[in-house]
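Some notes on the structure that comes next.
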Amino acid sequence: MLAIARSEVTQIVRNRLVLVTGLVIPVAVSGYVVHQHEVFSGLGSLGYVAAIVMFTVLAFGLYTTAVTTMASRRQNLFLKRLRSTAASDASILVGLVAPATVIALVQAVAIMVVLGAVATEPARVPLLALAVLASTAMMVALALATAGLTSSPEHAQVTTLPVSLSVVAVASWVGISGTEQLGLLKRLLPGGSATELVVDAWNGGVPLADSLPLLAPTLGWVVVAAALASRLFRWEPRR
Amino acid sequence: MSDTPVIEVDGLTVTYGAFVAVRDLSFGVQRGELYALLGTNGAGKTSTLEVVEGHRRATSGTVRIFGASPQDRRAVRPRTGIMLQESGFSPDLTVRESVGLIGSLSGRRDDIDRVLAIAGLSRKVDTLVSQLSGGEKRRLDFATAVYGGPELVILDEPTTGLDIQSRDALWAAVGRLRDEGSTVVLTTHYLEEAQQRADRIGLMHQGTLRREGTVAELTQTLPSVISFGLPPGAPEPPTVGALNGGFRIETFHLQDDLHRLLVWARDHGVELQQLEAGPTRLDDVFRALDAA
């Protein structure tokens, strides 16, 4: 697994397209949001700004990169090559997505630290960490499922749009309008409950017992996406 | 050679929807043997090999490698080197990084420089895979297959795209592996390679194993061929059939009939043109299969 992850880091560094989409764009967009946090927090709250930053990084830095990576590795038969070794399927997948996941987590945490420094620090850091980790797991699982529907890296530019735009849109919807109305729908949509959790964790004022159940829908999406991935994911191109 | 088969295929059937690619296939490969699985296009050898490699599940039947399921990678892969039909390397990694990665995941240990020397890639260690030629990529594939001297080496069309020198080097390396006791399974479109090197050959056609045996066993059912041409005005030669403007003798007694033809030519003062004589080749066995 570590050997695969190391080789992925090497490939990310050598591939400018992945480097730009995976590193520069999320950081640039998130940096802009942080810079304009007063404008954005005027729309919702500082927790909303944190949620938007998190999902921008996870959608474009992790999800899109992971789908593109797996489609590319499948297309050039690298996945088949890896499966010709003694490595297990699980260790291959973990090795492939681990670098993008770690990079996205570092980005999200770094931007949130900056946001906390320039504005107000989050009220409940452990809860915020839980929200970030659950959201990361959801986006990785969704990436595995989407990769099953994606035939090439070029195709990934299309297949990743619905999920990546949806989670950012849902985060905005929930972050700006709250969950007083259509609460069930908003919480069940991918990213909805995670956004509410981030808002609660950053802004504070909500009892922990009320916030923790918000993890359930996000973890539910992890299960659903993993089940879809187990049916959809392919190791070789269709013949 | 031990009697314990390295590969046991029993009643293997592989289907894709309604299409039956392999039907009730059974064969075994003994330790130390070089077994060539040959077939016409669409004969089912790639599907068979993919099940043996563990890349595909059998629809029915069983396949055992070293007594274990091919899907049991921990048990099988450290003992098996696989040269895939197509490259499957990341274009953004160098030759050394590619061999290092696949080698480290193989469960075997080896010196990367030694392996690259065997594959003739010593001058390309720091070259990106994207900058390799097709033949060099095949050699890289071979390097990862022989990394660590596996007990079983599966070579799927290993010499396709290789020049003569590279082919010779590859077969020399395979010969050394065999000297060390490795078992080799081979598919190839170059029948002369199988004819020269295989201990036994399995001939597949339309999803089934039609013939199996040594080259001598496979070719003994078909006659050898003597072909030649005659100058204008030459008398009719003995016991021949005309073919494409020349003459062709099919015989199970090559030496006797060739001797008789040469004696006849000398006695009649005839110079035989483009004379060729030889044992039955696998090509002929193949054509006979296809025509059957």
By the mean-Cβ-within-10 Å protection proxy, highest first, A:137-146, B:26-35, B:163-172 rank as A:137-146, B:26-35, B:163-172
Between the Cα axis of helix B:164-179 and the main Cα principal axis of chain B, the angle (0 to 90°, nearest 10) is 70 degrees
One would report the antiparallel percent of DSSP beta bridges in the protein assembly as shown, rounded to the nearest 5, as 65 percent
Note: B:91-104 gets an average of partner chain Cβ contacts (10 Å, Cβ to Cβ) equal to 4
So, with points 7 Å from each Cα along the Cβ direction, the A:A90-B:D72 label distance in nm works out to 1.9 nm
Rounded to the nearest Å, the spacing of the alpha-carbon centers of region A:31-46 and region A:185-239 is 24 Å
Contour minus Cα-Cα span, B:V125 to B:A172, at 0.36 nm per residue, comes to 14.8 nm
Expressed as a whole-number percentage, the relative contact order of chain A with C-alpha contacts under 8 angstrom and at least six residues apart is 29 percent
With DSSP loop assignment and no more than 11 other C-beta atoms within 10 Å, the GluC sites (Glu not before Pro) in region B:123-189 are B:E180
Shielding of A:71-80 by other chains, given as the mean Cβ count within 10 Å, works out to 4
Output field shielding_mean for B:70-82 (other chain Cβ, 10 Å radius) holds 2
Per the 1/(1 + (r/R0)^6) rule, R0 = 35 Å and r from the Cβ atoms of B:Q206 and A:V158, FRET efficiency to 0.05 is 0.30
On the formula 1/(1 + (r/R0)^6), with r taken between the Cβ atoms of A:E38 and B:R248 and R0 of 56 Å, the FRET efficiency rounded to 0.05 is 0.05
Taking a straight Cα-to-Cα line shorter than 13 Å from B:K124, and setting aside same-chain aspartates and glutamates fewer than 8 residues away, one finds B:E97, B:D113, B:E136
Residue ranges of DSSP H helices in chain A that stretch 24 Å or more (Cα, own long axis) and have mean Kyte-Doolittle hydropathy of at least 0.5 are A:89-118, A:125-148, A:215-232
Placing each pseudo-label 7 Å from Cα in the direction of the beta carbon, A:L19 and A:E121 end up separated by a distance in nanometres of 3.6 nm
Distance in nm between B:T62 and A:V223 label points, each 7 Å along Cα→Cβ, equals 3.7 nm
Expected sort for B:258-270, B:189-201 on mean C-beta neighbours within 10 Å, highest first, is B:189-201, B:258-270
With a Förster distance of 51 angstrom and the Cβ-Cβ distance between B:E8 and B:Q274, calculated FRET efficiency to the nearest 0.05 equals 0.60
Any lysines whose Cα falls less than 22 Å from that of A:K80, other than same-chain ones fewer than 8 residues away, would be B:K45, B:K137
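Quick note: the coordinates plus some simple rules give every number you see, no bench work behind them. Fair warning: this is a prediction, and the values are worked out from it, not measured in the lab. Backbone-built Cβ (ideal geometry, glycine too); neighbour counts: all protein chains shown.
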